[in-house]
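The values are calculated or read from the model by the stated rules, or taken from the named source; none is laboratory data. In this text, all values refer to a predicted model and were calculated from it rather than measured experimentally. Here Cβ is always computed from backbone atoms with ideal geometry, including for glycine, and neighbour counts include all displayed protein chains.
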Amino acid sequence: MKYYFIGIDVSKEKLDATLIHYESESDSEQQLAYTTVENNPKGFKSLVSWSKKNAGRGVKTDAMLFCCETTGGYDRALCDWLYGNGLNIWRESALQIKRSMGLRKGKDDKADSEMIAYYALRFRSKATLYKPLDGNMRNLRDLFLYRQSLVADRQAKLVSAKEKRHISSKSKADSFIYRDAQKAIDLLTKSIKECERRMLEIIKADEEMYRNYLHLISCKGVGLVTSVMLIIYTDNFKTWSAKKMASYCGIAPFYESSGSSVFHKANTGGYSNRRLKGILTQAARSAITHNPTLRQYYLRMKAQGKPYGVILNNVNNKLVHILFSLVLHDCDFELDHETKRAARA
């Protein structure tokens, strides 16, 4: 059977696509065509027509696999359109593709689309087909990301205001900058609170999402932001496990060993979403103060002489596993929950 892999390099204005033909019987591969289309619905339609034309008459959609890199938003419309028209589209991490294809010299959009096509061919058995989020989940994600940008903007204004307040000259310009920064801080704070109100409104409108949210916040130290983060990145706990979440956030330790001479102690890796790790770290610090179970764990590790960073990371990891367990068992957090759950079983 013939298979066709279309690698797409996505940019804001255009899409570069390379089509590769693969014959399973002869185990051969061949690059057939390359094209460039606009990054809009008209261009998407042209892309599919071009793919079918080069693949030949009678080709089935199951024999075609489109693959693109995650680009932070420019690929969403393409993926939604292809999915809505019954075509297979695979969104993959740009770093994953780059690290899997060996050494390269030179770089341009055409070469990138070819690399993506060959990646889809080589790792086709591991393909994860794109499935769009539902309306509520997408709105929740957009509000969460917008809130993150507002928090970053407010922090920048807070730093600016603090610096001007301590300047000795107190010129008219400094006074104006300080007052204006304070106004911006107040507006940003109101916008952040409005985002949080709207996020909670969306959660309450979905019965299953709201039930999971109540389970999460029953654990002291966990609030709205941490709960929303877990809900949107796990598709309401339908896709990811606690281990995968811990790895993605960079709180899962990994060790390295080779032969008899190389052995590195378990350590957290650098490949992680640091913003999410920061949110979890804030939740862990709050839990150490207000959650008796996690505070007891923190004090026990401290008594063993563990460094604070190691303890905080362990609390982080333990907190993630507790939260996933609450949703999995459909229950609220309770002190000595592991002992009580074992007794009930």
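Worth a mention:
- Every condition in (1) within 30 Å of TYR4 (Cβ to Cβ); (2) among the hydroxyl-bearing types (Ser, Thr, Tyr); (3) touching a Phe, Trp or Tyr at 6+ places or on another chain (Cβ under 7 Å) holds for SER218 except the one numbered (1).
- Any hit, segment 89-112, residues being closer than 16 Å to LYS14 by Cα and within 23 Å of the chain's Cα centre (by Cα): yes
- The set of residues in segment 57-75 that are touching a residue at least 12 places away in the same chain (Cβ under 8 Å) and over 25 Å from LEU95 (Cα atoms) comprises VAL59, THR61, ASP62, ALA63.
- Between PHE176, PHE237, the distinction of being part of a loop (DSSP other than H, G, I, E, B) and either farther than 26 Å from THR268 by Cβ or assigned by TED's automatic domain parsing to the domain that holds LEU294 (or both) belongs to PHE237 only.
- Residues located in segment 95-108, provided they are surrounded by fewer than 17 Cβ atoms within 10 Å (Cβ to Cβ) and not hydroxyl-bearing (Ser, Thr, Tyr): LEU95, GLN96, LYS98, ARG99, MET101, GLY102, LEU103, ARG104, LYS105, GLY106, LYS107, ASP108
- Looking only at segment 143-186, and only at residues there that are free of Cβ contacts under 8 Å to residues at least 24 places away in the same chain, charged (D, E, K, R) and surrounded by 15 or more Cβ atoms within 10 Å (Cβ to Cβ), the one that is nearest to ILE232 (Cα to Cα): LYS164
- Of all residues in segment 67-104, those that are of a type in the set (Lys, Arg) and over 25 Å from GLY135 (Cβ atoms) total 3.
Per-residue answers, yes or no, for (1) touching a Leu at 6+ places or on another chain (Cβ under 7 Å); (2) small (Gly, Ala, Ser); (3) under 24 Å from SER272 (Cα atoms):
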residue	(1), (2), (3)
GLU23	no, no, no
LEU32	yes, no, no
PHE44	yes, no, no
THR70	no, no, yes
ILE89	yes, no, no
LYS98	no, no, yes
ALA111	no, yes, no
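- Among the residues listed as TYR74, TYR146, the single one being of a type in the set (Ser, Thr, Tyr), within 25 Å of LEU230 (Cα to Cα) and outside the structural domain of MET199 (by TED's automatic domain parsing): TYR74
- Criterion applied to THR281, THR268, THR289 was being in the same structural domain as SER325 (by TED's automatic domain parsing), touching a Pro at 6+ places or on another chain (Cβ under 7 Å), closer than 18 Å to GLY309 by Cβ and not aromatic (Phe, Trp, Tyr), and the one residue passing it is THR268.
- Hey, LEU95 touching a Lys or Arg at 6+ places or on another chain (Cβ under 7 Å) and among the hydrophobic types (A, V, I, L, M, F, W, C) or not: no
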